[in-house]
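Q: Just dropping this structure here.
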Amino acid sequence: MTVSQTTQDKVIAILAEQAVLEPSDVTLDATLDDLGIDSLGLVESIFAIEEAFDIQVPFNANEPDASDFDISSVASIVGEVDKLVKAQA
C-alpha cells in the first residue's frame, strides 16, 4: 500500500510542531520518544490529526496499548492515518 505523500507530509508537520522540530528533522523510523513527544503531546497530536484529516482516530489515551492505532513509529502513524482517510473516502 502506497501512502499518500500529502498524508505523510501533514502527519510529519503535526508531529514536528508538537516536538518543536523542523519537519525535515522528523524521520519515518523515529519513535515518539525519539521526537520527545510525551503522552500529553501524543494526545494533542491525535487531536490535530483528527482535525487536519476530518477523521476519528481509534485511540484511547488511558489505554494506549489497547488501541488498534499503531503509534510505534512515525511511519506507522502515517500508515494508520492513511488507512483511516481511505476508509472514510
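What follows is calculated from the coordinates using simple rules that are stated; it is not laboratory data. Everything numeric here is computed off the predicted structure, so don't read it as measured data.
Q: Quote the relative contact order of segment 5-88 in percent (integer), defining contacts as alpha-carbon pairs under 8 Å separated by 6+ residues. Show your work: numbers first, answer last.
A: Numbers: 83 pairs, mean separation 28.0, N = 84.
Rounded, it is 33 percent for segment 5-88.
Q: Using just the alpha carbons, could you tell me how many Å³ per residue the convex hull of segment 39-89 encloses?
A: On the way: hull volume 3.5 nm³, N = 51.
It is 69 Å³ per residue.
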